[in-house]
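The values are calculated or read from the model by the stated rules, or taken from the named source; none is laboratory data. Everything quoted here is computed from the prediction, not taken from an experiment. Virtual Cβ from ideal backbone geometry, glycine too; neighbours counted across all protein chains shown.
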C-alpha cells in the first residue's frame with residue numbers, strides 16, 4: 001500500500017499464481033526426479049542393467065533443463081513478481097525469514113552444481129562417484145524444500161509466531177509437517193509420472209514393463225503420501241478456513257469445488273498408478289499421459305486451494321492481501337488510508353471521484369482491476385447506489401470488528417462470521433468511504449448518464 | 001501533495017547486524033558478477049567471433065559451453081544479493097522496480113529466451129552447424145537485461161526522480177549517468193571474458209590443442225580485453241563526472257575509505273592496459289595472460305566496493321534520520337552459516353572427486 005501500484009490487466013495475484021505454479025511444478029519435479037534417477041541409477045549399477053542406466057541418462061537432460069534452467073529462472077521470477085505485486089508482504093517476509101532463505105540458497109548452490117556436474121560426467125567418472133553426485137543432488141534439493149515449506153505454510157498458518165515473532169515458531173507452524181508430507185508425495189508422484197513417460201521409449205517390452213512397475217511404486221507411494229498429507233493439512237487449517245471451504249458459505253463455492261477437484265484428481269491418479277502396477281505392459285502412452293495430466297490438475301488445484309484459503313490475508317491474521325496490517329486498522333480509520341498510501345494518493349485532490357480512485361488503488365487494486373480480472377466495473381454494474389453504500393459500510397464495519405476482535409475464535413479472527421469473508425475490510429475515514437462510493441458509481445455508465453441527464 | 005514518496009521503513013527489526021548484511025551483500029554480489037561478466041562478455045565475444053579469423057569456432061564453442069552452466073550460476077549467485085538488498089534497502093528497491101515494472105518482469109522472459117537460445121546454439125555447434133545468428137540474438141537478450149539492471153539499480157538510488165518516472169517510465173533512461181554506467185558494466189564484462197578466452201586458449205595449447213586456432217582465440221581475447229579496458233578508462237571518468245554533484249563531492253571528501261578503492265582500482269586498470277599491450281603472442285606469454293586475468297578480477301573487487309560506497313552517498317539525504325531497529329536472530333543466522341559451509345564444502349568435494357575419479361583403461365565408466 002505504501003508503494004506505487006503496478007497496473008496489470010490480468011491482476012497481480014493471477015500473475016503471481018502463474019509464475020508460482022510453474023515454479024512449484026518444476027521444483028517438485030526436480031526433487032522427485034532427482035530421487036527417482038538416483039534410485040534407478042543405483043539399481044542399474046547394482047544389477048548391471050543397461051536399460052535402467054539409459055533411462056537415468058535420458059531423464060538427466062530433462063532434469064538439467066528443468067531444474068537448473070527453468071527452475072532457477074522461475075525461482076527468481078517469484079521474487080521479482082511478489083516484489084512488484086506485494087512489496088509490503090515481501091518485505092515483511094524477508095525481515096522475518098532472510099536467514100531461512102539464505103540457508104535455502106546454500107542448498108540451492110549445491111543442487112545446481114551437482115545437477116550440472118551429474119549431467120556433465122556421464123561416461124567420464126567411475127559409477128560410484130556418479131552415484132555420489134546424484135545422491136548429493138537429491139539431498140540438496142530435498143533440504144531446500146524442508147526449509148521453504150516452513151515459509152510457505154507460515155503464510156496460511158502462522159501459529160504461535162503471531163504472539164512470539166520467533167523465527168522458529170514461524171517455520172515450525174501448524175501447517176509445516178502436513179505440508180511437507182504432502183509435498184514429498186507430490187515430488188514422488190510427479191517424478192513417477194514423468195519417468196514413466198520417458199520409459200515408454202524402451203523398445204524391449206519386458207524391460208519396459210519392469211521399469212514401469214518400478215515407477216508405479218513411486219506413483220502409488222507418492223499418491224498415498226500426498227493424500228495423507230492433504231488430509232492432515234486440512235485438519236490443521238484454521239477453523240475459519242475449513243468452515244468456508246467445507247461449505248459454511250454456500251455463496252463461496254469456488255474453494256469447495258476446487259477441493260473436490262483436487263481429491264478426485266488424486267483418486268484418478270492413484271487408480272492409474274495401480275493399473276500400472278498391476279498391468280505394466282498395458283500402461284502405454286495414453287494412460288501415462290493421462291497420469292501426468294491428472295497429476296498437474298491435482299497439484300495445480302491444491303496450490304489454488306492453498307492460495308485461495310489465505311484470503312483475505314496474505315499472512316493470516318497479520319496482513320491483508322492489500323498490504324494493510326491488522327494492527328494498523330484503528331490508526332488508518334483515524335488518519336485516513338491516504339495518509340499512508342502516498343503513491344495511491346497522487347492527484348487525489350482533484351475531485352471526490354479522484355480521491356475515491358486513490359482509495360481504490362490503495363485498498364482494492366491488489367485484487368481487482370478496472371476491466372480485466374475481477375473487473376470492478378463489472379462487479380458494480382448491477383449494484384444500485386444504496387446497495388453499494390451498504391456494502392462499503394459493511395466492509396468498513398468489518399474493519400472495526402477486526403480491530404476490536406469482535407469475531408474471534410480462540411484468539412484468531414473468525415472470518416467465516418463476516419459477510420464478505422474473503423474480502424479485506426474497508427479501512428479509512430468516512431470521507432474516504434464516501435469518495436470510494438462516488439468513484440465506483442462513476443464507473444456505472446447508466447449512473448453517469450442519469451446524473452448528466454438530471455443536470 | 002505528499003512531501004515524500006519514499007515508503008515507510010518496514011516496522012520489523014533487521015534480523016542481523018547491518019554490517020553483516022553489507023559484507024554478505026558485497027561478497028555475494030562479487031561472485032554473482034564473476035558469472036554475469038562471463039556470460040554477458042562471453043556471449044558478446046561469441047557473437048563477434050566472426051572478426052577473429054582463426055579460432056572463431058573455438059571461441060563460440062567455448063562461451064556457448066561455458067554459458068550452459070555459467071548462466072545457472074549467475075542466477076543462483078544473484079539470489080543472495082537480491083535478498084540482502086531487500087533487507088537493507090527494500091523500500092527503495094521495490095519502488096524502483098515497480099516504476100519500471102514491465103521491464104523488470106520482462107527481464108525474466110529475456111533470461112529464459114537467452115538461456116534456451118544458448119542450448120540451441122550448443123546443440124547446433126555440436127552437430128557441426130553454424131550458430132552465429134543465434135548467439136547474436138542471445139547477446140541482445142543479455143545486453144537488454146544489463147540495461148534493465150542498470151536502470152533499476154540507478155533508479156533506486158534517486159527517489160527525487162521517482163515521480164517523473166511514474167508519469168513516464170522512459171524518463172528512467174534519461175539520467176546523465178545511465179549511459180556511462182551501462183557502458184562501464186558491459187565493457188567490464190567484455191574485458192573479463194576476453195581475458196578468460198586467452199587464459200583458456202593458453203591452457204589448452206599447453207595440453208596439445210590446435211595451436212593455430214588457439215592462437216587466434218587467445219589473440220582475439222587479448223585484443224577484446226585491451227580495447228574494452230582502453231575505452232573503460234575513458235568511460236570511467238565520464239561516469240565519475242556524470243554523478244550528481246552532491247554525490248561526487250561527498251565521495252571525494254570521503255578520504256582514504258572512498259579514494260583508496262577508487263584510486264587503486266584505476267591503477268589496476270592502467271596496469272592492466274600495460275600488461276595487455278605487452279602481449280604479442282599469448283601462447284608464449286602465458287604469465288602475462290594470467291596477470292591480466294588477475295588484474296581484471298582485482299579491479300572488479302575494488303569497483304564493487306566503490307559502487308557500494310556511492311550508494312550510501314546517493315541515499316544519504318533520503319535515509320537521514322532513519323531509525324532502524326536491530327534484533328538479530330542468532331539461531332537462524334547460525335543455521336545459514338552452517339548450511340552455507342556444509343554446501344560449499346560438499347560442492348567442492350563433488351567437483352574434486354569428479355575431476356580426480358576418472359576410470360582407467362578398460363574400467364567401467366558411469
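At a glance:
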read-out: Residue match in the range B:106-113 (condition: within 14 Å of chain A (Cβ to nearest Cβ), crowded, with 21+ Cβ neighbours inside 10 Å and within 30 Å of residue B:212 (Cβ to Cβ)); value: no
read-out: Failed condition for residue B:76, given (1) within 11 Å of chain A (Cβ to nearest Cβ); (2) under 19 Å from the mean Cα position of the chain (by Cα); (3) surrounded by 21 or more Cβ atoms within 10 Å (Cβ to Cβ); (4) at pLDDT 95 or above; value: (4)
read-out: Test result for residue A:39, under 30 Å from residue A:135 (Cβ atoms) and within 8 Å of chain B (Cβ to nearest Cβ); value: no
read-out: Residues of the range B:9-27 classified as more than 23 Å from residue A:3 (Cβ to Cβ) and at the interface with chain A (Cβ under 9 Å from one of its Cβ atoms), total; value: 2
read-out: Which numbered condition residue B:103 misses (of (1) over 28 Å from residue A:96 (Cβ atoms); (2) in a helix (DSSP H, G or I); (3) free of Cβ contacts under 8 Å to residues at least 60 places away in the same chain); value: (3)
read-out: Condition met for residue B:268 (under 22 Å from residue B:203 (Cα atoms) and either without any contact (Cβ under 8 Å) to a residue 12 or more places away in the chain or surrounded by 18 or more Cβ atoms within 10 Å (Cβ to Cβ) (or both)); value: no
read-out: Those residues of the range A:291-310 which are more than 13 Å from the chain's Cα centre (by Cα) and surrounded by fewer than 20 Cβ atoms within 10 Å (Cβ to Cβ), in sequence order; value: A:292, A:293, A:296, A:297
read-out: Filtered residue count, the range B:299-325, keeping only those that are buried (at least 17 other Cβ atoms within 10 Å of the Cβ) and farther than 24 Å from residue B:248 by Cβ; value: 0
read-out: Residue within the range A:259-270 that is within 30 Å of the chain's Cα centre (by Cα), in contact (Cβ under 8 Å) with a residue 60 or more places away in the chain, assigned to a helix (DSSP H, G or I) and in the same structural domain as residue A:154 (by TED's automatic domain parsing) present; value: yes
read-out: Filter pass, residue A:350 being at pLDDT below 95, surrounded by fewer than 16 Cβ atoms within 10 Å (Cβ to Cβ) and assigned to a loop (DSSP other than H, G, I, E, B); value: yes
read-out: Members of the range A:384-428 that are surrounded by fewer than 19 Cβ atoms within 10 Å (Cβ to Cβ) and in a loop (DSSP other than H, G, I, E, B); value: A:384, A:405, A:406, A:407, A:410, A:411, A:414, A:419, A:420
read-out: Residues (more than 8 Å from every other protein chain (Cβ to nearest Cβ) and in a helix (DSSP H, G or I)) located in the range B:317-337; value: B:317, B:318, B:319, B:330, B:334, B:337
read-out: Positions within the range B:13-53 being assigned to a loop (DSSP other than H, G, I, E, B), touching a helix residue (DSSP H, G or I) at 6+ places or on another chain (Cβ under 9 Å), surrounded by fewer than 16 Cβ atoms within 10 Å (Cβ to Cβ) and modelled with pLDDT of 95 or more, in sequence order; value: B:13
read-out: Selection count, the range A:311-347, where residues are over 20 Å from the mean Cα position of the chain (by Cα) and in a strand (DSSP E or B); value: 1
read-out: Answer from A:72, A:92, A:103, A:51 - the residue that is facing chain B (nearest Cβ under 10 Å), in contact (Cβ under 8 Å) with a residue 24 or more places away in the chain and surrounded by fewer than 24 Cβ atoms within 10 Å (Cβ to Cβ); value: A:92
read-out: Yes/no for residue A:204 being out of contact with any strand residue (DSSP E or B) (no Cβ under 8 Å at 6 or more places or on another chain), closer than 20 Å to residue A:99 by Cα and away from chain B (no Cβ under 14 Å); value: no
read-out: From A:84, A:65, residue being in contact (Cβ under 8 Å) with a residue 24 or more places away in the chain, in contact with a helix residue (DSSP H, G or I) (Cβ under 8 Å, 6 or more places away or on another chain) and assigned to a helix (DSSP H, G or I); value: A:84
read-out: Residue that is modelled with pLDDT under 95, buried (at least 18 other Cβ atoms within 10 Å of the Cβ) and within 19 Å of the chain's Cα centre (by Cα), where the choices are A:189, A:195, A:237; value: A:237
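Here's the yes/no breakdown for (1) more than 19 Å from the chain's Cα centre (by Cα); (2) within 13 Å of chain A (Cβ to nearest Cβ); (3) modelled with pLDDT under 95:
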position: B:125; (1), (2), (3): yes, no, yes
position: B:136; (1), (2), (3): yes, no, no
position: B:151; (1), (2), (3): no, no, no
position: B:162; (1), (2), (3): yes, yes, no
position: B:177; (1), (2), (3): no, no, no
position: B:180; (1), (2), (3): no, no, no
